Amino acid sequence: MAGVELTFLRLSPIWWGYGVPHGDGSAVVLVPGFLGTDLYLSQFSDWLRRIDYKPFYSGIELNADCPNILIRRRLNETIEQACKSTRGKIHLIGHSLGGSIARSAAAQMPGRIASVITLAAPIRGLEAHASIQRAADLVRQQILERHGRAVLPTCYTARCTCDFVESLKDDFPDSVRQTAIYSKSDGILNWRVCRTGDPKADFEVSSTHIGMVFSPLVYSIVAQRLAGN
């Protein structure tokens, strides 16, 4: 279905920048989801540039590592570059696990972040398809083998006490505007964990989990929220 959603996107006026508010040149950092790379967000990046934002890829080569390490070694550097490039606060957009990572980064450095938009991201717990849970268990074992004592024994679980997990448990900064886009036909995550709980910040669309990054409905909401609407 993601392929169908991509086809609809290319046929939509929204893809070409029509019918949506344009930006002010602000930087937008895109964060990929679980087992994803920056590459599959290239359509999103192209569109953001078309509507007058300055997109940045996260620098995460593959989202299959300790999120705390990915933030410290990759995302923080990208955020710093984006801030310097535009001399102002930036926006973060994260898909799936990338949305959780984006929210954590924003909570840790709210002075640099204007807004966070999550697309099908587990932000209120984790309820995923059994196949995703199995894949996450394999990734966790690889993380423990790769990093050893550099990570906590409970790394890649909700029981971890690293900055990544702890920042997600704390109240989200009031100064950072938040948006959560979710779908009841997600198919990968329980849509209930993908909402903030604030009706003004939560937006439902009809989309698959992967298709979120290709949905013209999502793009329209993103444009409106980036513009402050």
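Some values worked out for this structure:
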quantity	calculated
Backbone HN-Hα couplings from phi across the range 130-142 [Karplus 6.51/-1.76/1.60, Hz, Gly and Pro as x]	4, 5, 6, 4, 5, 4, 5, 5, 5, 4, 4, 4, 5
Relative contact order of the range 92-156, defined on C-alpha pairs under 8 angstrom at six or more residues apart (%)	29 percent
Rounded, prolate or oblate (a/c below 1.5 giving rounded, otherwise prolate when a/b exceeds b/c) for the range 1-57 by Cα gyration tensor	oblate
³J(HN,Hα) computed for each position of the range 55-70 - Karplus, 6.51 cos²θ - 1.76 cosθ + 1.60, integer Hz, glycine/proline x	x, 10, 7, 5, x, 7, 5, 8, 7, 8, 8, 4, x, 4, 5, 4
Volume in Å³ per residue [convex hull over Cα atoms, computed for the chain]	109 Å³
Accessible area (Å², per residue) of the chain, counting only protein heavy atoms and a probe of 1.4 Å	47 Å²
Ordering of 195-205, 179-189 by packing [mean C-beta count within 10 Å, highest first]	179-189, 195-205
Computed label-point distance, nm, for sites residue 135 and residue 18 using a 7 Å Cα→Cβ extension	3.6 nm
5 angstrom amide H check on residue 56, placed H, neighbours 5+ away	28, 29, 30
Computed [θ] at 222 nm, deg cm²/dmol, the chain (DSSP H ≥ 4; -39,500 (n - 2.57); rounded to nearest 500)	-10500 deg cm²/dmol
Those lysines that a straight Cα-Cα span of less than 19 Å connects to residue 84, excepting residues fewer than 8 apart in one chain	54
In sequence order, calculated HN-Hα J values of the range 145-157 (Karplus, 6.51, -1.76, 1.60; Hz; x Gly/Pro)	5, 6, 9, x, 6, 6, 10, 6, x, 9, 3, 6, 9
Relative contact order of the chain, defined on C-alpha pairs under 8 angstrom at six or more residues apart (%)	24 percent
Accessible surface of the chain, 1.4 Å probe, proportion on carbon and sulfur as whole %	52 percent
Long-range HN-HN contacts of residue 188 with modeled amide H, under 5 Å	209
Packing rank of 11-21, 58-68, 42-52, where each peptide gets the mean count of other beta carbons within 10 Å, highest leading	58-68, 42-52, 11-21
Evaluated at q = 0.19, 0.20, 0.27 Å⁻¹: base-10 log I(q)/I(0), Debye formula over Cα of the range 30-104	-0.73, -0.81, -1.36
Value of relative contact order over the range 1-89, rounded to a whole percent, pairs C-alpha under 8 Å and six or more apart	30 percent
Spatially proximal lysines relative to residue 200 (Cα-Cα < 25 Å; intrachain offsets below 8 disregarded)	89, 169, 184
D_trans [Stokes-Einstein, Kirkwood Rh over alpha-carbon pairs] for the range 147-217, 10 °C, 1.306 mPa s, µm² s⁻¹	110 µm²/s
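The values are calculated or read from the model by the stated rules, or taken from the named source; none is laboratory data. On a predicted model such as this, the values are computed, not experimentally measured, just so you know. Every residue, glycine as well, gets a Cβ built from its backbone with ideal geometry; the counts of neighbours run over all protein chains shown. Ligands, DNA and RNA are stripped out before the accessible areas are found, and what is left, the full protein with its side chains, is counted by its heavy atoms. Shrake-Rupley method; radii C 1.70, N 1.55, O 1.52, S 1.80 Å.
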